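Enquirer: Supplied in structure tokens, the structure appears directly below.
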Amino acid sequence: MAGKRALVILSKGAEEMETVIPVDIMRRAGIAVTVAGLTGKEPVQCSRNVVICPDASLEDASKQGPYDVVLLPGGMPGAQNLAESPAVKEVLKDQDGRKGLIAAICAGPTALLAHGIGYGSTVTTHPAMKEKMMAGDHYKYSEARVQKDGHYITSRGPGTSFEFGLTIVEELMGAEVAAQVKAPLIMKD
């Protein structure tokens, strides 16, 4: 079996923790993660002024697909940039069409809404995004810290980033690998 692969789409204004923590957790699990810059390979300034260097541009990374998971971090205006991007829509539509895993955290799920992805699913978001996400009754809403419904995984915010990452690992690699990754993290149970 070939190794699992993840695509994380990074946009200016993304939330740092929601980007780096899931990337780190997936890499600890042996998942090959590509951090793709929405507008190119140049360093990206995140919402709290942390600068992250993408591995590739989204344009180049999308040609290397398909991926086992596509992940959308939250943060503002990062999530808005993802929601407005035709390139993100194309990646999501392809992933959704293959029933490939799609993961979005905090404000990230609003990009799913903008691109018509996952209608009818149960999702969660940052509490500040609930009203926007529920406009039009396209989704059922959950207050869960991490919500999985079919091939969609959504989560609430920076403080749920570890659980979010581990849920992705469990889905792609199994519960045993997720437990092995979690143990040395010293997480509160």
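The values are calculated or read from the model by the stated rules, or taken from the named source; none is laboratory data. Just so we're clear, the structure is a prediction, and the values are computed from it rather than from any experiment. A quick note on method: Cβ atoms are made from the backbone with ideal geometry, for glycine too, and the neighbour counts reach across all protein chains shown. To get the accessible areas, we keep the full protein, side chains included, count just its heavy atoms, and leave off ligands, DNA and RNA. Shrake-Rupley method; radii C 1.70, N 1.55, O 1.52, S 1.80 Å.
Enquirer: All other residues with a Cβ under 10 Å from the Cβ of Met173 taken together, and with Lys, Arg as +1 and Asp, Glu as -1, what is their net charge?
Expert: Numbers: positive: Lys4; negative: Asp68, Glu170, Glu171, Glu176.
Around Met173, the surrounding residues sum to -3.
Enquirer: Counting only other residues whose beta carbon sits under 9 Å from that of Gly75, what net charge do I get with K and R as +1, D and E as -1?
Expert: Numbers: positive: Arg48; negative: Glu15, Glu16, Glu18.
Net charge in that neighbourhood comes out at -2.
Enquirer: Distances longer than 26 Å among the Cα atoms of segment 1-148: what percent of all pairs is that?
Expert: Values: 1877 of 10878 pairs.
Tail of P(r) above 26 Å: 17 percent of Cα pairs.
Enquirer: About the Cα centre of segment 43-134, what is the dipole size in debye to 20, counting +1 per Lys and Arg Cβ and -1 per Asp and Glu Cβ, all else neutral?
Expert: On the way: 8 positive and 9 negative charges, 54 e Å.
Its charge dipole is roughly 260 debye.
Enquirer: Among the trypsin sites (Lys or Arg not before Pro) in segment 44-114, which ones are in a DSSP loop with at most 15 other Cβ atoms within 10 Å of the Cβ? Mind listing them?
Expert: Values: sites: Arg48, Lys63, Lys89, Lys93, Arg98, Lys99; in loops: Arg48, Lys63, Arg98, Lys99.
Sites meeting the loop and neighbour criteria: Arg48, Lys63, Arg98, Lys99.
Enquirer: Pairs of Cα atoms under 8 Å, at least six residues apart: use those to get the relative contact order of the chain, whole percent.
Expert: Working: 416 pairs, mean separation 39.6, N = 189.
Computed over the chain, the figure is 21 percent.
Enquirer: For segment 4-78 and segment 105-152, what is the centre-to-centre distance using only Cα atoms, to the nearest Å?
Expert: Using only Cα atoms to place each centre, the spacing works out to 20 Å.
Enquirer: Follow-up question, since we're still on this one. Per the helix-only calculation at 222 nm, which mean residue ellipticity applies to the chain, given -39500 (n - 2.57) for every DSSP H run of n ≥ 4 and division by its residues, nearest 500 deg cm²/dmol?
Expert: Values: 8 runs with 68 residues, N = 189.
The helix-only estimate for the chain comes to -10000 deg cm²/dmol at 222 nm.
Enquirer: With a Förster radius of 30 Å, plug the Cβ-Cβ distance of Met187 and Lys140 into 1/(1 + (r/R0)^6) and report the FRET value to the nearest 0.05. Walk me through the numbers before you get to the answer.
Expert: Numbers: r = 28 Å, r/R0 = 0.93.
The computed FRET efficiency comes out at 0.60.
Enquirer: In debye to the nearest 20, how big a dipole does segment 126-189 give about its Cα centre with +1 on each Lys and Arg Cβ and -1 on each Asp and Glu Cβ? Write down the numbers at each step before the final one.
Expert: Details: 8 positive and 9 negative charges, 42 e Å.
Using only the charged Cβ atoms, the result is roughly 200 debye.
Enquirer: At a 1.4 Å probe radius, carbon and sulfur cover how many percent of the accessible area of segment 75-189? Walk me through the intermediate numbers first.
Expert: Working: 2860 of 5320 Å².
The C+S portion of the solvent-accessible surface of segment 75-189 is 54 percent.
Enquirer: In square angstrom, what is the accessible area per residue of the chain with a 1.4 angstrom probe? Numbers along the way, then the final one.
Expert: Details: 8630 Å² over 189 residues.
Counting only protein heavy atoms, the per-residue value for the chain is 46 Å².
Enquirer: For segment 80-121, rounded, prolate or oblate, judged on the Cα gyration tensor with a ≥ b ≥ c (square roots of eigenvalues), a/c < 1.5 rounded, else prolate if a/b > b/c?
Expert: Numbers: a/c = 1.69, a/b = 1.20, b/c = 1.41.
Because a/c hits 1.5 or more and a/b fails to exceed b/c, segment 80-121 counts as oblate.
Enquirer: Where nothing but the Cβ of Lys and Arg (+1) and of Asp and Glu (-1) is charged, how large is the charge dipole of segment 21-88 around its Cα centre, in debye to the nearest 20?
Expert: Details: 5 positive and 7 negative charges, 38 e Å.
The dipole magnitude comes to about 180 debye.
Enquirer: Taking 0.36 nm per intervening residue step and subtracting the Cα-Cα distance, what contour gain separates Arg48 from Ala32 on full extension? Before the final figure, lay out the partial values.
Expert: Working: separation 16, 0.36 × 16 = 5.76 nm, distance 2.62 nm.
This chain segment gains 3.1 nm when fully extended.
Enquirer: Another one. Let me check I have the definition right: for segment 84-189, take the eigenvalues of the Cα gyration tensor, multiply each by 5, take square roots. What are those semi-axes in whole Å, largest first? Numbers along the way, then the final one.
Expert: Values: eigenvalues 118, 54, 25 Å².
Equivalent ellipsoid semi-axes, largest first: 24, 16, 11 Å.
Enquirer: Another question, if that's okay. Net charge near Lys12: determine it from the other residues with C-beta under 14 Å of the C-beta of Lys12, scoring Lys and Arg +1 and Asp and Glu -1.
Expert: Values: positive: Lys41, Arg48; negative: Glu15, Glu16, Glu42, Glu84.
Summing Lys/Arg as +1 and Asp/Glu as -1 gives -2.
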